[in-house]
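**Q** Have a look at the structure that comes next, please.
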């Protein structure tokens, strides 16, 4: 690997006022290239179509919904959820009249469920305090509406109202970090402060850009200047990209080093910044080794993530026979509702309890049985069948790593449980079809799918065994041909 090039330079090297972009005409050229590319390549996304709607509140509402859904979620996943959402609740008023249960049901499977709750809280406040009209600037949106952070407020205001705001999301940070070779950790304090200090260039960039140009930067980061496998050759602004230039320069140096290593190394050393001098805080760290295989992926640098906290849960699927028709039984399943605060607030799940992963399987299972008895008043004598070790399901949240161990039990058909647990949590019975439409989390869907697969496999084995037994009995009942000759 070749050391990172550290030529002496002024801080303006990383701004939009450096020698590479030294005039308003150059900045305008970037804008021109971006807009031309965006017009030709922008994706046809449903929330973008709403930009033509005359009703400014509906326009802002649609952007708001899309931005909240797009947080931590890919565009391809969001589209179907967004379409269903807008069809069901096309206006702020319509959503404000929905229950949180209905909101969670539609959001189910999208993850990060607190987003849906805050969105619901936000429209209720807009109806009560602002008479159904959204605040008309980024500052008021951020200040007044629950769940609208600075970025979302800026996105709504710039796209819906045409307000000039510095919309900075992950895509924008990545594009600008590569464009200006900003190698400091993108979410570190020094990087944030430094980026703010170069606002003479950054602000100029956004000031001359309308909201389409801001969208163009985000679109570029989402489709071309991606976290992995960026397509630099098709980038409309690669002529201005310092990271791209650095990649090409390293390729040239590698070639020269191969042919004339001694002389080139001498020239290279003369151009490397003296390590005794104070390094530029926006450059890649002095200790960083440039990886030619990464190319522009050397930018941006991110802080190392802390190890995810690991937790283990024991899940028990409780089912009860409703009726049996033509040898096909029909069951209902017990769900409990999570508290209204905390992780996955208000969502429905199978009974589960936290356990220590170091405990023996028996101790983990006994802990669940105690929970069923104390919390749901399901005594062991009510259990007709106990299916053990159905599956294990891992699930990763942004900051947590969960592992779910799953059993199931059948309880007597004549048992009637209360509508709430001992601690006051809501409880309900649902059929398999109702369960799939309920406000359940992604991991509960995974667990139920694995349970259904397990039961299907079990029934297939039973069927094969039964056919085999019937065939054996049939053969034993046939009179042997030899018996006629005895």
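The values are calculated or read from the model by the stated rules, or taken from the named source; none is laboratory data. Please read these numbers as outputs of a predicted model, since none were measured by experiment. Cβ atoms come from the backbone with ideal geometry, glycine included; neighbour counts cover every protein chain shown.
**Q** Pick from 106, 95, 110: which is outside any helix (DSSP H, G or I) and touching a residue at least 24 places away in the same chain (Cβ under 8 Å)?
**A** One residue alone meets the criteria, 110.
**Q** Within region 21-31, can one find any residue that is more than 21 Å from the chain's Cα centre (by Cα), part of a loop (DSSP other than H, G, I, E, B), free of Cβ contacts under 8 Å to residues at least 60 places away in the same chain and in the same structural domain as residue 121 (by TED's automatic domain parsing)?
**A** yes
**Q** Kindly evaluate residue 391 against the criterion of being modelled with pLDDT of 95 or more, within 17 Å of residue 452 (Cα to Cα) and touching a strand residue (DSSP E or B) at 6+ places or on another chain (Cβ under 8 Å).
**A** no
**Q** Which count do you get for residues in region 291-316 that are within 22 Å of residue 169 (Cβ to Cβ) and in a loop (DSSP other than H, G, I, E, B)?
**A** Total satisfying the criteria: 6.
**Q** In region 78-90, which residues are in a helix (DSSP H, G or I) and farther than 13 Å from residue 46 by Cα?
**A** Passing the criteria: only 88.
**Q** If I go through region 138-173 residue by residue, how many of them are at pLDDT 85 or above and either under 25 Å from residue 117 (Cβ atoms) or crowded, with 24+ Cβ neighbours inside 10 Å (or both)?
**A** The number of residues fulfilling the criteria is 22.
**Q** Take region 212-256 and flag every residue that is surrounded by fewer than 16 Cβ atoms within 10 Å (Cβ to Cβ) and at pLDDT below 85.
**A** 251, 252, 254, 255, 256
**Q** Okay, moving on. Just to be sure, is residue 283 surrounded by 13 or more Cβ atoms within 10 Å (Cβ to Cβ), touching a helix residue (DSSP H, G or I) at 6+ places or on another chain (Cβ under 9 Å) and outside any loop (DSSP other than H, G, I, E, B)?
**A** Here the answer is no, as residue 283 does not meet what is asked.
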